[in-house]
Amino acid sequence: MKRVALYLAALGFTVFAGFPFYWMLITAFKRNSDLYVGASVTSHIPWIFNEPPTLEHVTLLLGQTDFPRWVLNTLLVVVAVVVITVAVAVPAGYSLARLAGRWGERLGMGIFFTYLIPPTLLFVPFARLVSLLGLQDSLGALILIYPTMTIPFCTWLVMGFLRSVPWEIEEQAMIDGYSRLGVILRVAPRLIVPGILTVVVFTFTLVLQEFVYALTFISSVGKMTVSLGVPIALVRGDVYHWGALMAAALFTSIPLAIVYNAFMDRFIHGFTMGAVKG
Amino acid sequence: MAGIEIRSLRKHFGDLHAVDGVDLSIRDGEFLVLLGSSGSGKTTLLRMIAGLERPTSGEIRIGGERVDGDVPPRARGIAMVFQSYALYPHRTVFQNIAFPLEASHVPRKQIEEKVRWAAEMFSISRYMDRYPRQLSGGERQRVALCRALVRDPKVFLLDEPLANLDAKLRNTARDDLKRFQRRIQTTTVYVTHDQVEAMGLGDRIVVMERGKVRQIGTPQEVYEDPVDTFVATFVGQPPMNLLEVRDPSLPPRTLLGFRPEHFLPKGVVTAGEETRTFRFAVRRVEYLGSDRYVYGSVVESGAPPAPPAPDATLIAKLPATITVVIPEGETHEFAVARRALRYFDAETGLRRKL
Amino acid sequence: MTGRRTLADREDVLGAAMLAPALAYVTLLVGVPFVFAIVLSFSDATAGSLHFGWAGLRNYAAILGDPIFLRALRNSAVVTVGSQVLVVVLATAAAQVFRATFRGKRFARFVLLLPWAVPVSLAAIAWTWIFDSTFSVINWTLKAAGLLHGWLYWLGDPALALFAIIIVQAWRIFPFATVIVLAGLASIPQEIVEAAIVDGAGFWRRLFRIELPLLLPIFAVAVLFGVVYTATDLGVVYILTGGGPANTTHVLPTLAFQRGILGADLGQGAAIAVFLLPFLLVVAVAMLRLARRAEVGAR
């Protein structure tokens with residue numbers, strides 16, 4: 001009896017979490033005639049394919065919209081921001097964890113708290129800054145601004161990660177003859193690789209998901225990122241092309257979901273580091 | 001108050017036979033110790049009695065009633081003290097002790113009385129409002145015992161409760177524990193890997209190895225009358241000396257066993273006793289205050305002196321009252337009283353009564 | 001082997017050098033703009049020009065007298081609290097389900113994480129389609145099940161739209177909270193749970209008296225992050241309703257965007273966004289308290 005309740009509950013949660021994605025999937029491949037039937041018509045079941053599926057939305061998306069362009073834009077921004085974040089946050093995290101002593105912890109927490117300052121507060125001054133630098137309506141604005149979100153959290157991630165790596169290995173290296181700098185350049189990287197990986201993944205997901213800054217700073221359709229372009233610009237006149245929209249949403253969600261699933265534990269570890277010991 | 005009957009109990013984790021056919025009768029009011037190293041199955045056995053593990057096969061009866069099926073721990077009338085004490089960190093000492101009573105829906109007034117009574121018994125009344133993190137190891141242990149006692153269980157189960165205490169505290173804790181058990185007379189099953197603890201606490205000791213029971217007996221029986229070489233070397237510190245000898249008067253492949261305290265310089269062994277002598281090549285002497293440990297190997301008469309194999313090392317334990325000088329690097333005549341000799345089959349390890 | 005300390009050994013220099021870029025970035029591009037945002041709220045700056053003039057408290061007076069702003073303030077609170085309450089209930093229940101082992105658990109867990117993994121804007125657009133007045137698949141399902149007799153104009157009715165926003169926020173955040181609660185449950189030492197079993201506590205007593213209280217710090221973390229993600233979120237509301245119908249579903253972030261960026265009134269935009277700070281201050285203080293309590297050793 002308890003088993004049944006368990007399976008029902010599991011089903012319930014799964015359905016609740018997943019039905020929008022199922023809906024995305026179906027919509028992306030349904031013919032328009034199967035799609036645009038009023039919901040008051042109870043005889044037509046929207047949850048299944050009443051007519052054979054079609055690839056017309058996908059072809060529209062890939063051939064006649066700027067979606068491929070947006071994907072490229074997004075990738076460009078991702079790579080640039082990942083490079084910046086790793087270059088800045090990893091040394092900072094190492095420095096705070098290993099070299100800064102007691103106030104390192106405090107400073108680390110301080111840096112982490114800047115992560116809590118919302119984009120919806122900062123976009124106002126950023127708007128001014130971006131126009132001052134002449135970066136309006138360019139990907140450069142995003143490449144400049146996104147690290148303000150990734151660096152604080154990733155520094156914290158690296159700090160937390162280093163806490164679980166025993167420092168005796170590095171101390172041993174110093175006894176064996178390396179200078180502190182030598183340890184940093186030669187010994188430490190191998191130890192932090194998993195931490196760096198988490199930083200890369202987190203930055204990747206953050207850039208893909210970001211909407212507010214993209215909305216604020218990018219106006220021309222050709223320069224949009226996926227997260228911005230799909231909901232805003234996949235509109236022809238007043239008409240939402242739901243089939244193509246859902247296809248785009250689906251294609252973007254799946255790789256992200258796979259990545260998230262693989263790295264979930266690390267993220268949670270990063271989130272809970274401050275509140276729970278051990 | 002109840003006895004425990006265990007018949008043909010087994011617990012398999014896949015291919016691993018954690019408990020491999022155990023038969024045991026625990027008397028009502030007895031303090032029984034399960035002694036063994038890790039992997040011996042002692043903790044698994046305890047957890048099956050508690051109901052935290054389900055047996056793969058076999059029977060367990062507590063107070064005559066079968067409990068090995070689906071009977072949950074709370075219905076078995078048992079109380080358990082864990083190695084880490086498992087006190088609820090977010091509850092005060094009072095609330096910790098009260099918890100089992102709350103779970104049994106005891107009325108509020110009665111809970112207060114019982115908790116105070118139990119706290120008195122363990123002298124922890126003044127800690128009632130403190131939290132576990134504010135207590136020392138010894139205090140936490142008493143709270144854990146208190147919480148176990150307050151439900152008036154039929155059986156006490158203890159899983160290495162002294163392991164987390166400082167060595168100095170352990171002796172007094174052991175004494176407290178035994179006196180307490182004598183007073184309340186509840187059947188107690190106690191798990192430990194420390195044979196000193198086992199000898200000091202148990203009315204009877206169950207020596208376990210790899211899921212099987214090797215011997216059940218009083219401390220004296222287990223010490224003086226070991227049933228095989230495992231028990232002989234596990235109990236007693238330093239372990240019993242085992243020596244394979246070529247002696248025509250003994251069956252072939254016989255191990256001679258004698259405890260270090262019986263292995264003494266020839267002149268010291270009581271005159272008039274029948275003894276067996278050995279030529280003992282002394283390698284090293286350790287001075288430990290109350291005793292001296294002498295390490296070396298026996299030289300077979302006639303055989304050429306060969307470098308001693310590591311496991312042929314024998315140990316002699318001389319109390320400080322024996323002041324004979326034993327220089328290192330020389331060979332001495334040592335002897336063992338015949339009545340202190342034990343004989344084992346070298347292949348099976350079993351005891352031979354000769 | 002050199003016997004002298006070289007620059008390569010100076011840990012303080014190295015430490016500072018490695019920290020400097022991050023510190024600079026954070027100070028220049030977060031700290032300064034943050035202060036600037038507050039300053040802007042007292043100005044009459046616009047996005048069009050580089051003009052900057054003092055406006056005193058005029059912006060604040062203007063918005064506090066503006067019913068749309070007051071409504072947005074209320075909406076922010078309602079959405080945040082409403083969705084987080086829902087999240088806590090859902091996450092606690094879901095954590096109980098996902099603690100157990102059952103067939104297909106890996107797949108279920110994957111699906112469970114999807115709302116959290118997908119970009120906010122894409123989830124929002126999907127939900128817009130789900131709530132569409134003509135084609136809403138929810139309406140269809142309710143009607144087909146005989147539960148709906150009129151019609152639900154989800155995004156066209158102010159109350160319904162707010163409700164829809166709450167659902168979407170809860171939907172996208174509860175997976176994250178669930179995973180955090182699960183991690184917390186796993187961190188409770190096995191022996192404490194077993195002690196509670198031996199002490200006679202059944203499932204529910206164990207859950208509410210032992211496990212959940214021990215999880216309070218974890219819950220707090222989950223709720224705190226949830227509050228931040230919900231209160232400061234712009235995407236869901238912007239895409240679902242754009243603040244409509246007729247500015248009835250604005251929340252602070254969307255109103256700040258509309259006035260500050262679209263309307264180019266930077267001063268007002270900043271002032272509106274400043275009202276988010278109390279939310280965040282509470283969060284920051286609560287997290288600091290938690291961190292300190294964990295260090296003192298709540299075990």
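The values are calculated or read from the model by the stated rules, or taken from the named source; none is laboratory data. A quick note: this is a predicted structure, and the numbers were derived from the prediction, not measured. Cβ sites come from the backbone with ideal geometry, for glycine too, and all protein chains shown count toward neighbours.
Residue-level analysis places A:PHE49 among those that are part of a loop (DSSP other than H, G, I, E, B) and of a type outside the set (Asp, Glu). Checked against the criterion of being without any contact (Cβ under 8 Å) to a residue 12 or more places away in the chain and crowded, with 17+ Cβ neighbours inside 10 Å, region A:147-167 has no qualifying residue. Residues in region A:37-64 that are touching a residue at least 40 places away in the same chain (Cβ under 8 Å) and within 14 Å of chain C (Cβ to nearest Cβ): A:HIS57, A:LEU61. Go through region C:94-107 and give me each residue that's under 17 Å from C:ILE180 (Cβ atoms) and within 7 Å of another protein chain (Cβ to nearest Cβ). Answer for region C:94-107, where residues must be under 17 Å from C:ILE180 (Cβ atoms) and within 7 Å of another protein chain (Cβ to nearest Cβ): C:ALA94, C:VAL97. Residues being among the hydrophobic types (A, V, I, L, M, F, W, C) and within 30 Å of the chain's Cα centre (by Cα): count how many of those fall in region B:316-333. Residues meeting the conditions: 4.
Quickly run through region C:18-49 and pick out the residues that are in contact with a Lys or Arg (Cβ under 8 Å, 6 or more places away or on another chain) and under 14 Å from A:ALA127 (Cβ atoms). Outline the logic, then answer.
Looking only at region C:18-49, we keep the residues that are in contact with a Lys or Arg (Cβ under 8 Å, 6 or more places away or on another chain), and these are C:36, C:40, C:44-45, C:47.
Residues satisfying the conditions are C:PHE36, C:LEU40, C:ALA45, C:ALA47.
One residue stands out in region A:117-144 among those that are touching a residue at least 40 places away in the same chain (Cβ under 8 Å) and outside any helix (DSSP H, G or I): the one that is farthest from the other protein chains (Cβ to nearest Cβ), namely A:SER138.
You will find that of C:ASP233, C:ASP199, the residue that is without any contact (Cβ under 8 Å) to a residue 40 or more places away in the chain and surrounded by 24 or more Cβ atoms within 10 Å (Cβ to Cβ) is C:ASP199 and no other.
Scoring B:GLU244 on the criteria (1) in contact with a Lys or Arg (Cβ under 8 Å, 6 or more places away or on another chain); (2) in a strand (DSSP E or B); (3) under 18 Å from B:LEU318 (Cβ atoms) leaves a single failure, condition (3).
In a residue-by-residue description of region A:196-209, the property of being surrounded by fewer than 24 Cβ atoms within 10 Å (Cβ to Cβ), within 21 Å of the chain's Cα centre (by Cα), in contact (Cβ under 8 Å) with a residue 40 or more places away in the chain and at the interface with another protein chain (Cβ under 7 Å from one of its Cβ atoms) applies to at least one position. You will find that of B:ARG170, B:ARG140, the residue that is under 29 Å from the mean Cα position of the chain (by Cα) and either crowded, with 21+ Cβ neighbours inside 10 Å or not in a helix (DSSP H, G or I) (or both) is B:ARG140 and no other.
If I filter region B:51-70 for residues that are farther than 29 Å from B:CYS146 by Cβ, among the small types (Gly, Ala, Ser) and touching a residue at least 12 places away in the same chain (Cβ under 8 Å), do I get at least one hit? Yes, region B:51-70 contains at least one residue that is farther than 29 Å from B:CYS146 by Cβ, among the small types (Gly, Ala, Ser) and touching a residue at least 12 places away in the same chain (Cβ under 8 Å). Taking region A:12-36, which residues are more than 8 Å from chain C (Cβ to nearest Cβ) and either closer than 24 Å to C:VAL89 by Cα or among the polar types (S, T, N, Q) (or both)? Within region A:12-36, A:GLY12, A:VAL15, A:PHE19, A:ASN32, A:SER33 qualify. Is there any pair with a first residue in region B:210-229 that is under 14 Å from B:GLY36 (Cβ atoms) and a second that is of a type in the set (Val, Ile, Thr) and assigned to a helix (DSSP H, G or I) whose Cβ atoms are under 6 Å apart and which are 6 or more apart or on different chains, and what are they? Final answer for the pair search is B:ARG214/B:VAL231; B:GLN215/B:VAL222; B:GLN215/B:VAL231.
Consider region B:241-273 and keep the residues that are surrounded by 14 or more Cβ atoms within 10 Å (Cβ to Cβ) and of a type in the set (Lys, Arg). The one that is modelled with the lowest pLDDT is B:LYS266.
Listed here are the residues, each with its yes/no results for (1) over 22 Å from C:ILE166 (Cβ atoms); (2) at the interface with chain A (Cβ under 7 Å from one of its Cβ atoms); (3) over 26 Å from the mean Cα position of the chain (by Cα).
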residue: C:ARG109; (1), (2), (3): yes, no, no
residue: C:ALA117; (1), (2), (3): no, yes, no
residue: C:ALA126; (1), (2), (3): no, yes, no
residue: C:TRP129; (1), (2), (3): no, yes, no
residue: C:SER136; (1), (2), (3): no, yes, yes
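The single condition among (1) touching a strand residue (DSSP E or B) at 6+ places or on another chain (Cβ under 7 Å); (2) closer than 22 Å to B:VAL231 by Cβ that B:GLU209 does not meet is (1).
Among the listed residues A:GLY222, A:GLY177, A:GLY182, which satisfies the condition of being surrounded by fewer than 18 Cβ atoms within 10 Å (Cβ to Cβ) and more than 25 Å from A:ARG98 (Cβ to Cβ)? Going through A:GLY222, A:GLY177, A:GLY182 in turn, just one is surrounded by fewer than 18 Cβ atoms within 10 Å (Cβ to Cβ) and more than 25 Å from A:ARG98 (Cβ to Cβ): A:GLY222. When restricted to residues that are in a loop (DSSP other than H, G, I, E, B) and acidic (Asp, Glu), region A:52-73 contains 1.
Checked against (1) among the small types (Gly, Ala, Ser); (2) over 17 Å from C:VAL30 (Cβ atoms); (3) within 9 Å of another protein chain (Cβ to nearest Cβ); (4) in contact (Cβ under 8 Å) with a residue 60 or more places away in the chain, A:GLY104 passes all but a single condition, namely (4). Does B:LEU165 meet the test of being assigned by TED's automatic domain parsing to the domain that holds B:SER40 and surrounded by 19 or more Cβ atoms within 10 Å (Cβ to Cβ)? In short, no. Exactly one residue out of C:ALA273, C:ALA284 is among the small types (Gly, Ala, Ser), within 11 Å of chain A (Cβ to nearest Cβ) and surrounded by fewer than 24 Cβ atoms within 10 Å (Cβ to Cβ): that is C:ALA284. For region A:219-231, filtered to residues that are touching a Ser or Thr at 6+ places or on another chain (Cβ under 8 Å) and within 20 Å of C:LEU240 (Cα to Cα), the residue that is farthest from the other protein chains (Cβ to nearest Cβ) is A:THR225.
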